[in-house]
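Down below is the structure, laid out as structure tokens.
The values are calculated or read from the model by the stated rules, or taken from the named source; none is laboratory data. Note that the coordinates shown come from a computational prediction; the quantities given were computed from them, not determined experimentally. Here the Cβ is made from the backbone with ideal geometry for all residues, glycine too, and neighbour counts use every protein chain on show.
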Amino acid sequence: MLTLFAPFLTALLWSTSCSSDDSGDGSTDTTPTTPQPASYDIYVAGYKTVDSKAVATVWKNGTELYSLTDGTTPAWAYGICVDNGTVYTVGYEEQSDGHIIALLWEGNTLKYTLGTSGSNSYAMAVTVSGGHVYTAGSTTVNGALTATVWQDGSVLHTYSVSPATSQARAVAVSGSSLYAAGNLLSGATQQVAQVWKNAEALYTQSDGTTPGDIRGLFLDGSTLYTAGQIGEQAVVWRNGTPLYTLTDGTGPAEAMSLWMTDGTLYTAGYYTASDLEEQGVVWQNGTQLYTLSDGKGSGSLPYSIAAWGSTVFTAGTHFGNGRHAAVWQNGELLYTLDRGEAYAMYVVPQYE
């Protein structure tokens, strides 16, 4: 499986999260029935390819909103959140010395450099809660890449046990509780799927005999759902216990993102098809709902999902005629964006 430790592979996988009291992975949905919006503003973060280099980019409703970097060195946007009209985006950029550094933008302006020069750091997800901006990722601590949560640009928590490497890929906040999820590799065991709460480990969701990882999390009241993989199987957990095994393990697969609405749990992920191309899938309560295919044999890889009632949006990468950032609505292509990839989506519902 691809991992963050190979940062220049453009099929790096992830799922983002945003505010626990707003739309986005990490939301709290406690209403019996979600009102159906009149329309939606769809923000997407990822990269476009310019002169063979990745340029961190944000799109809105199918059109580029702005580029975050100038293309001098490769850069990728991996997480996005919209809070009261302000767009926050996180990602990372290769430096002139070859190191990678984590960054957070407010609008199209760099707000925080999260890592330190001369070492590697990565920002993968962002959420806003209580007037604070939280970022999940990893930074180098004593020579080892270590799962990290930043608050307003400063390190809040680092998660690891020595000697170990770890990565935080998703974050959510509810009241005084902060959740981060990703993976931990310690000693001679395989990488395990890991959830942290505030400063401590909460759940280890795999046993270390086969690789485990978490890509997405979603808070529904006091219930915590996580999505990822164990070995080559896509898995969804509820409060640390397996809820759905989505694939049979005959080929690489992974659950990337979740969304709960009106008691229905939607999951986006992929499995590897017989032609060795990733096939994007949306599952509903553990059962395949549809594949994200254009009917022409082109694969796809979704990274983010959001839903209101029966309207389901998915963002990711479409492989038709090269890699393109894309958004699907109810399984059909809604937007094909620039050549590149879409790693995060944030949907703002509009009500009349």
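Some notes on this structure:
- For the range 106-129, a tally of residues being in contact with a strand residue (DSSP E or B) (Cβ under 8 Å, 6 or more places away or on another chain) and either of a type in the set (A, V, I, L, M) or outside any strand (DSSP E or B) (or both) returns 14.
- Enumeration of residues in the range 168-199 that are in contact with a His (Cβ under 9 Å, 6 or more places away or on another chain) and surrounded by fewer than 16 Cβ atoms within 10 Å (Cβ to Cβ): ASN198, ALA199
- Subset tally (residues that are surrounded by fewer than 19 Cβ atoms within 10 Å (Cβ to Cβ), under 17 Å from THR158 (Cβ atoms) and in contact with a His (Cβ under 7 Å, 6 or more places away or on another chain)) for the range 103-123: 1
So that you can scan it fast, the table gives a plain yes or no per residue for (1) in a loop (DSSP other than H, G, I, E, B); (2) modelled with pLDDT under 95; (3) farther than 11 Å from GLY280 by Cα:
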| residue | (1), (2), (3) |
| --- | --- |
| PRO302 | no, no, no |
| ALA307 | no, no, yes |
| PHE313 | no, no, yes |
| GLY322 | yes, yes, yes |
| ALA325 | no, no, yes |
| LEU333 | no, yes, yes |
| THR336 | no, yes, yes |
| GLU341 | no, no, yes |
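- Among the conditions (1) among the hydrophobic types (A, V, I, L, M, F, W, C); (2) surrounded by fewer than 17 Cβ atoms within 10 Å (Cβ to Cβ); (3) in contact (Cβ under 8 Å) with a residue 60 or more places away in the chain, ALA273 misses just one, which is (3).
- Considering residues of the range 142-161 that are in a strand (DSSP E or B) and β-branched (Val, Ile, Thr) only, the residue nearest to SER186 (Cα to Cα): THR146
- Filter result for THR57 (of a type in the set (S, T, N, Q) and either part of a strand (DSSP E or B) or under 18 Å from the mean Cα position of the chain (by Cα) (or both)): yes
Per-residue answers, yes or no, for (1) touching a Cys at 6+ places or on another chain (Cβ under 8 Å); (2) modelled with pLDDT of 55 or more:
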{"position": "PHE8", "(1), (2)": "no, no"}
{"position": "TYR47", "(1), (2)": "no, yes"}
{"position": "VAL50", "(1), (2)": "no, yes"}
{"position": "SER67", "(1), (2)": "no, yes"}
{"position": "ALA75", "(1), (2)": "no, yes"}
{"position": "ILE80", "(1), (2)": "yes, yes"}
{"position": "TYR88", "(1), (2)": "yes, yes"}
{"position": "THR109", "(1), (2)": "no, yes"}
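So that you can scan it fast, the table gives a plain yes or no per residue for (1) out of contact with any Phe, Trp or Tyr (no Cβ under 8 Å at 6 or more places or on another chain); (2) among the hydroxyl-bearing types (Ser, Thr, Tyr):
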site: HIS99; (1), (2): yes, no
site: ALA102; (1), (2): no, no
site: GLY107; (1), (2): no, no
site: THR116; (1), (2): yes, yes
site: SER119; (1), (2): yes, yes
site: MET124; (1), (2): no, no
site: GLY130; (1), (2): yes, no
site: GLY137; (1), (2): no, no
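- Hits in the range 130-141 - residues which are over 20 Å from VAL44 (Cα atoms) and not in a loop (DSSP other than H, G, I, E, B): HIS132, SER138, THR139, THR140, VAL141
- Test: VAL126 is crowded, with 24+ Cβ neighbours inside 10 Å and under 20 Å from the mean Cα position of the chain (by Cα): yes
- Which listed residue is modelled with pLDDT of 95 or more and on the phi > 0 side of the Ramachandran plot, from GLY26, GLY62: GLY62
- Residues of the range 174-221 satisfying the condition of being more than 25 Å from VAL133 (Cα to Cα) and in a strand (DSSP E or B): LEU185, SER186, VAL192, THR204, GLY212
- Among the residues of the range 207-254, those that are within 12 Å of ALA181 (Cβ to Cβ), of a type outside the set (Lys, Arg) and in contact with a Gly (Cβ under 6 Å, 6 or more places away or on another chain) comprise ASP213, ILE214, LEU219, ALA227.
- Residue tally, condition within 18 Å of SER154 (Cβ to Cβ) and touching a residue at least 24 places away in the same chain (Cβ under 8 Å), over the range 88-102: 4
Here is a yes/no grid of residues against (1) crowded, with 21+ Cβ neighbours inside 10 Å; (2) among the aliphatic types (A, V, I, L, M):
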{"residue": "SER298", "(1), (2)": "no, no"}
{"residue": "ALA307", "(1), (2)": "yes, yes"}
{"residue": "SER310", "(1), (2)": "no, no"}
{"residue": "HIS318", "(1), (2)": "yes, no"}
{"residue": "TRP328", "(1), (2)": "yes, no"}
{"residue": "GLU332", "(1), (2)": "no, no"}
{"residue": "TYR335", "(1), (2)": "no, no"}
{"residue": "ARG339", "(1), (2)": "no, no"}
{"residue": "MET345", "(1), (2)": "yes, yes"}
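- Remark: pairs (first residue in the range 206-232, touching a residue at least 40 places away in the same chain (Cβ under 8 Å) and under 12 Å from VAL195 (Cα atoms); second residue polar (S, T, N, Q) and assigned to a strand (DSSP E or B); Cβ separation under 6 Å; 6+ apart in sequence or on different chains) = ASP213/ASN183; ASP213/GLN229; ILE214/THR226; GLY216/SER257; LEU217/THR226; ALA227/THR267.
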